[in-house]
Structures are given as structure tokens and as C-alpha cells.
1. Take the Cα coordinates of region 88-178, assign each an equal point scatterer, and use the Debye formula without solvent to give log10 I(q)/I(0) at q = 0.15, 0.17 Å⁻¹.
2. Sort Val206, Val108 by Cβ crowding within 10 Å, fewest neighbours at the top.
3. Let me know the charge dipole size of region 169-213 about its Cα centre in debye, to the nearest 20, where only the beta-carbon of Lys, Arg (+1) and Asp, Glu (-1) is charged.
4. Test of the criteria: in region 46-134, which chymotrypsin sites (Phe, Trp or Tyr not before Pro) are in a DSSP loop and have at most 13 other Cβ atoms within 10 angstrom of their Cβ?
5. Long-range amide H contacts for Ile115: which residues qualify at under 5 Å (H placed 1.01 Å from N, peptide plane, sequence gap of 5 or more or a different chain)?
6. Mind checking region 7-97 for GluC sites (Glu not before Pro) that DSSP puts in a loop (not H, G, I, E or B) and that have at most 14 other Cβ atoms within 10 Å?
7. Based on the alpha-carbon gyration tensor of region 136-179 and its eigenvalue square roots a ≥ b ≥ c, which shape applies: rounded if a/c is under 1.5, prolate if not and a/b is larger than b/c, or oblate?
8. Neighbouring Cβ atoms within 10 Å as the yardstick, rank Ile182, Ile203 fewest first.
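Computed from the coordinates by the stated procedures, all read-outs in this text should not be read as laboratory data. Given the structure is predicted, the values throughout are model-derived calculations rather than measurements. Backbone-built Cβ (ideal geometry, glycine too); neighbour counts: all protein chains shown.
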Amino acid sequence: MIREDATIDAGELYDVAAALGMTDQQVRLCIKRVVAEGLFTHEGRGRKAVLHATEDTRAALAPELDYLRLMYAQDRRQASWDGTWHLAAFAVPETDRTARDAMRNTLVELGGAPIQGGLYVSAHPWEERIRAAASDFGIAGNLTTLRTGDLAVGGFTEARELAAHLWPLDRLAAGHERLLGIAEHVRSALPTADATERITLAITLVAEFDRAHDPDPLLPP
């Protein structure tokens, strides 16, 4: 519901939340929480209020745009692959478990698959992002990156075999099938939907879109 000027209209937010089965009290608590966490600032009261996304929130949206551009480029057959695998390895002491877990989560969120303890692989360049993440977590000195066109894991060496071995392709495909079903429902409901229903349908579709695409490593076709 964030508009192009990085604001959210509270009146629309309450209406859509009600359509999705949420109470006004739940919305107020959510608003209070995102403001307390520094994700938004709050101007005005009640339904006439406006939420403004902070710089950190705006910045957090940027990587998603890059991800979406790659996805659509792949769909249009405009994204080729040079056959290079990108690997990252890190070893963090148990005493710094928080940084270790954060690094692991970042690698998975960027589409990486675990090969063995502390070693992850991606089909896409990710070095700049993971080095930045390691620096933010204070473990830059514990990170190793490398690239290779000659990867063998568990006896698999061919790209398609490696992909099927490292990533849960069936589960990813099922997520896209669910997304297709929701998209067809939304398309059929849009012609008779009012303004609030349209936003509600959009949020329903976006939620399923995220559910399907968040774990998707966007492997080269």
C-alpha cells in the first residue's frame, strides 16, 4: 500500500485491513509498532493520518526491484547465463551466533543453496551484496568468495542436475502453481470490485507472489 511518494493513507489502510479480517485495534497496534521500529513516521490522527516511509524502509525496497527486473528479464529470455557458479564460505565462532545466523539467512534470501557447513552457492553474481552484509554483521574477515565454472557436488556436475540436487524445485514449482490460481481468481474478481476491494485483491495477490518468489533463487532457464 506504499504509494509512489512513499506514504500510506491511513484511511485506506483501515478499510483494506477490515476487508482482510483485521480489527481497527490490530491496525493501530501495527502502526504503533512500525513507527517504534523506525520503519515509518506518523502524521495526523486516526483515519486521516499519513504514514511516511523512512529512508531505511525506502532503501530496503531497492534490492527487491533488482530481483524483479531479473525475474522479468528471464521470462522474456533477455537474461543469459555464462555458466559461472558463485560460492561463498564463512566460519563464525559459536560466541558470535547472532552474526552467523544473520549471514546464513542473508545467503539464503539472496538465492543461495547450502552445499555443506558454511558453504553456499548461487548461479548469480552476489559478491557485492554478501560482502556488504558481512561488513554490517562485523564478520567481513570471516568471509571467502570464489567463482567457478567447474562445480561438482555429491557426484553431480551438470548444471540441471546440480540445480535439482541443491534447490527444492518441486516445492518452488508448487508455489508458482498456487500463485497462478490466486492470480486467476483476482482477474475474475476485478471487473466488479470497488476501490477497497481492488486494493484488498492486490494485497492478496502480492502476498501470494511473495510466498512463491521469496524462496525462488531465479535459476537461469
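1. Here the Debye-derived log intensity ratios amount to -0.63, -0.77.
2. Least crowded to most crowded, the residues run Val206, Val108.
3. Here the size comes out at about 40 debye.
4. Answer in residue order: Trp81.
5. Excluding prolines and chain starts, which carry no amide H, the hits are Tyr120, Val121.
6. Passing both the DSSP loop test and the Cβ count: Glu37.
7. It comes out oblate by the Cα gyration axes.
8. On the way: Ile182 18, Ile203 15.
Ranking Ile182, Ile203 by Cβ neighbours within 10 Å, fewest first, gives Ile203, Ile182.
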